[in-house]
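The values are calculated or read from the model by the stated rules, or taken from the named source; none is laboratory data. None of these values were measured; they are calculated from a predicted model. Reconstructed Cβ throughout: ideal geometry from the backbone, glycine too, with neighbour counts over all protein chains shown.
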Ligand SMILES: *Cc1c(COP(=O)(O)O)cnc(C)c1O
């Protein structure tokens, strides 16, 4: 597919997703402005990622820290996008990742949270983080069990000082692999209930719920998602050719 055609297709896909998110919000009485669409660009190269930004996407998600760094450095997007790291982060990659001022959705250990906090203080920035919870009960899935999330937040209750640090602002959840939408909805409800419980217990606001992907974002929105992470749906019609693939 030519470059112009793929840009047009991405713009069309973006508009369709924005509209579907709007409808999903409206059908459960929610304001669509309260739902951030994160365009998950892990499937495509930097130029194709740029086309998604040109189409109007202001938030980009990557699973791998190195990919996030490369795109953040390569794309002339300063000030136009906010990066989201949605996959596992190793502690030795925290420093460089924080230079891209991301939201980190995938905090899955005490050690990682502490490292992000230390590094954020050193860089004098505030880093919004979400704790990844495994609500599917599938041990092969990433994220902490609900009990472990609770233990982690018990040990890390304080909001950062003005000078910087990690600010825990919610939870990230994924439905189990191959889960049907009705079942996914139950899992998203579990994530929301856990969030409500933790918020009540600690008194610290946890406004963000990052949940919902291409196949199940409507169910996630119905259960209170404030961030949906949408990838393949945005690249429909352009992922067939090898030229845009990473
Ligand atoms: C790849 C990925 C997504 C996007 O999934 P799609 O089904 O392609 O929309 C969302 N969240 C995480 C954590 C991912 O790794």
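The table for this structure:
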| quantity | calculated |
| --- | --- |
| Test: residue 191 is at pLDDT 95 or above, closer than 16 Å to residue 86 by Cβ, within 15 Å of the ligand (Cβ to nearest atom) and not in a strand (DSSP E or B) | yes |
| Output for the stretch 203-215, where each listed residue is touching a strand residue (DSSP E or B) at 6+ places or on another chain (Cβ under 9 Å) and assigned to a loop (DSSP other than H, G, I, E, B) | 204, 205, 206, 207, 212, 213, 214 |
| Odd one out for residue 200, checked against (1) part of a helix (DSSP H, G or I); (2) out of contact with any strand residue (DSSP E or B) (no Cβ under 7 Å at 6 or more places or on another chain); (3) under 18 Å from residue 143 (Cα atoms) | (3) |
| Hey, residue 231 within 16 Å of the ligand (Cβ to nearest atom), surrounded by fewer than 17 Cβ atoms within 10 Å (Cβ to Cβ) and at negative phi or not | no |
| Residue in the stretch 2-9 that is under 23 Å from residue 86 (Cα atoms) and either surrounded by 12 or more Cβ atoms within 10 Å (Cβ to Cβ) or touching a strand residue (DSSP E or B) at 6+ places or on another chain (Cβ under 7 Å) (or both) present | no |
| Criterion (more than 20 Å from residue 208 (Cα to Cα) and within 13 Å of the ligand (Cβ to nearest atom)) met by exactly one of 6, 41, 2 | 41 |
| Pairs where the first residue, in the stretch 200-215, is on the phi > 0 side of the Ramachandran plot and the second is in a loop (DSSP other than H, G, I, E, B), C-beta under 6 Å, 6+ apart | 212/225 |
| Selection within the stretch 209-219 - touching a helix residue (DSSP H, G or I) at 6+ places or on another chain (Cβ under 8 Å) and closer than 14 Å to residue 130 by Cβ | 209, 211, 212 |
| Some residue of the stretch 28-38 being outside any strand (DSSP E or B) and in contact with a strand residue (DSSP E or B) (Cβ under 8 Å, 6 or more places away or on another chain) | yes |
| In the stretch 49-66, residue nearest to residue 94 (Cα to Cα) [restricted to those that are within 14 Å of the ligand (Cβ to nearest atom) and in a helix (DSSP H, G or I)] | 65 |
